[in-house]
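Student: Quick one: the structure is below, and I'll ask about it shortly.
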Amino acid sequence: MYVGKVVGTVVSTCKEKNLKGLKLLIVFNVFEQDRSRTEIAVDAAGAGVGDYVLVTIDGGAARMALGVENAPINNAVIGIIDYPELYD
Amino acid sequence: MFFGRVAGTVVAARKDVHLEGKKLMVVARADHNGNRTGGMLVAVDYVQAGYGDFVYLAKSKDAGFPVPERNAPIDAGIVGIIDHTTVVGEQVDACM
């Protein structure tokens with residue numbers, strides 16, 4: 001999992017059938033310097049643009065969070081973080 | 001999942017038996033605006049994407065989930081074609 005920030009959404013009508021009804025968010029890793037390396041995460045926590053979120057990196061965890069049997073996904077937003085803090 | 005632009009196709013007569021009937025496409029990695037950021041890969045196409053389409057892909061074993069038999073050697077798959085992305089501050093239309 002990593003701490004991400006939601007910067008946008010993706011609209012995709014023509015997609016794999018198991019992805020039907022899943023909201024797609026654009027997130028980037030907050031603790032990485034390169035902010036342009038964005039990924040797509042399926043929303044499982046009701047996050048919106050601008051939220052700090054907890055994002056899985058393994059598809060198995062993502063499917064468990066969404067309860068979808070065989071959706072081809074890698075990342076899922078499984079939590080909304082109030083304030084991420086890095087000490088060093 | 002990550003963004004990509006379809007850059008070409010791959011025709012392979014001799015390949016793994018599980019890849020039979022699967023369309024293989026060359027995809028260049030892209031950012032959320034659709035601009036290529038380099039890095040080409042071959043992915044199985046599940047959504048009939050065409051050349052130049054702004055798509056998103058699943059990687060590793062999750063890309064093999066749309067295929068019924070679980071032991072297909074697929075580690076990247078095009079799972080959707082993007083109509084448009086809305087990034088904070090600017091709306092980006094995919095067909096540009």
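The values are calculated or read from the model by the stated rules, or taken from the named source; none is laboratory data. It should be emphasised that the depicted structure is a prediction, and the values quoted were computed from it without experimental measurement. With ideal geometry, Cβ positions are generated from the backbone for all residues, glycine too; neighbour counts draw on all protein chains shown. All accessible areas refer to the heavy atoms of the entire protein, side chains included, with ligands and DNA or RNA removed. Shrake-Rupley method; radii C 1.70, N 1.55, O 1.52, S 1.80 Å.
Student: Tell me which of these A:MET64 doesn't satisfy, since it passes every other one: (1) touching a residue at least 12 places away in the same chain (Cβ under 8 Å); (2) among the aliphatic types (A, V, I, L, M); (3) surrounded by fewer than 22 Cβ atoms within 10 Å (Cβ to Cβ).
Tutor: Just one mismatch for A:MET64, condition (1).
Student: Do you know which residues across segment B:50-68 are in contact with a strand residue (DSSP E or B) (Cβ under 7 Å, 6 or more places away or on another chain), crowded, with 24+ Cβ neighbours inside 10 Å and facing another protein chain (nearest Cβ under 8 Å)?
Tutor: B:TYR56, B:ALA58, B:ALA63
Student: Continuing with this model, one more query. Would segment B:45-65 turn up any residue that is charged (D, E, K, R) and touching a helix residue (DSSP H, G or I) at 6+ places or on another chain (Cβ under 6 Å)?
Tutor: For segment B:45-65, residues charged (D, E, K, R) and touching a helix residue (DSSP H, G or I) at 6+ places or on another chain (Cβ under 6 Å): present.
Student: Right, next: Name the strands (runs of 3 or more DSSP E) wholly inside chain B in which the number of residues that are among the aliphatic types (A, V, I, L, M) is 2 or more.
Tutor: Counting at least 2 such residues, we get B:2-10, B:23-30, B:36-45, B:54-59, B:76-81.
Student: Here is a further query. Can you tell me which of A:ASN29, A:ASN74, A:ASN18 is in contact with a strand residue (DSSP E or B) (Cβ under 9 Å, 6 or more places away or on another chain), under 16 Å from B:PRO66 (Cβ atoms), open to solvent by 10 Å² or more (accessible area, probe 1.4 Å) and not aromatic (Phe, Trp, Tyr)?
Tutor: Going through A:ASN29, A:ASN74, A:ASN18 in turn, the sole match is A:ASN18.
Student: Could you tell me whether any residue of segment B:33-49 is charged (D, E, K, R), crowded, with 16+ Cβ neighbours inside 10 Å and more than 9 Å from the chain's Cα centre (by Cα)?
Tutor: Looking through segment B:33-49, none of the residues is charged (D, E, K, R), crowded, with 16+ Cβ neighbours inside 10 Å and more than 9 Å from the chain's Cα centre (by Cα).
Student: If you take the residues in segment A:1-20 that are of a type outside the set (D, E, K, R) and more than 9 Å from chain B (Cβ to nearest Cβ), which one is nearest to A:THR38 (Cα to Cα)?
Tutor: Step by step, filter segment A:1-20, then rank; the result is A:GLY4.
Student: Does A:VAL42 satisfy the condition of being open to solvent by 20 Å² or more (accessible area, probe 1.4 Å) and closer than 17 Å to B:HIS32 by Cα?
Tutor: no
Student: Among the numbered criteria (1) at the interface with chain A (Cβ under 9 Å from one of its Cβ atoms); (2) modelled with pLDDT of 90 or more, which single criterion is violated by B:ALA28?
Tutor: (1)
Student: Now for a different question. What number of residues within segment A:21-75 are more than 9 Å from every other protein chain (Cβ to nearest Cβ), of a type in the set (Asp, Glu) and within 10 Å of the chain's Cα centre (by Cα)?
Tutor: The number of residues fulfilling the criteria is 1.
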